[in-house]
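Worksheet: the structure to be examined is printed underneath.
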Amino acid sequence: MSNQENHQALPPKTCTIERLVTMPEDVEKVLQGKKTATRRNGRYADVGEVMILEDKKFIVDRVYSQSLGELTDEHAQTEGFETVEEYKQSILAYHPGMPWLPQMRVWVHEFSPISE
């Protein structure tokens with residue numbers, strides 16, 4: 001896994017932070033503290049950027065690349081699922097026809113709530 005802590009070394013974003021977490025059930029998981037990361041096929045945020053969901057703020061703590069084959073149940077739990085298989089089935093339901101390839105790389109965005 002290539003954990004890149006220095007956001008200066010990251011490639012340009014392919015989307016905006018407003019699109020990072022959009023599915024209503026995912027938003028609810030974030031607000032409940034059950035989801036602290038999201039994986040996307042592109043990079044949607046820089047470290048230090050703030051995501052706002054229902055007037056609550058979350059700061060992006062880490063952004064790094066990871067292959068689907070590297071996912072563990074612990075990673076799935078940061079996504080709000082118990083197991084990798086549960087997470088995989090959810091993703092495939094969102095994206096019909098998408099293959100789940102162990103070598104496919106995704107961008108992991110880890111975030112935490114900002115206390116005000």
Within the accessible area of the chain (1.4 Å probe), percent carbon and sulfur: 51 percent
How much net charge surrounds SER65 when only the other residues with a Cβ under 9 Å from the Cβ of SER65 are counted, with Lys and Arg +1 and Asp and Glu -1? +2
Per the helix-only calculation at 222 nm, which mean residue ellipticity applies to the chain, given -39500 (n - 2.57) for every DSSP H run of n ≥ 4 and division by its residues, nearest 500 deg cm²/dmol? -6000 deg cm²/dmol
Per residue value of the accessible surface for the stretch 1-95 (all protein chains in place, 1.4 Å probe), Å²: 55 Å²
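Report the gain in length on full extension from SER65 to MET23: 0.36 nm times residue separation, minus Cα-Cα distance, nm rounded to one decimal.
Working: separation 42, 0.36 × 42 = 15.12 nm, distance 2.19 nm.
So the chain would gain 12.9 nm between SER65 and MET23.
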At a 1.4 Å probe radius, which order do HIS95, HIS75, HIS109 fall into by accessible area, largest first? HIS95, HIS75, HIS109
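The values are calculated or read from the model by the stated rules, or taken from the named source; none is laboratory data. No experiment lies behind these values; they were computed from the predicted model shown. Here the Cβ is made from the backbone with ideal geometry for all residues, glycine too, and neighbour counts use every protein chain on show. When the accessible area is computed, the model is the full protein with side chains, heavy atoms only, and any ligands, DNA or RNA have been set aside. Shrake-Rupley method; radii C 1.70, N 1.55, O 1.52, S 1.80 Å.
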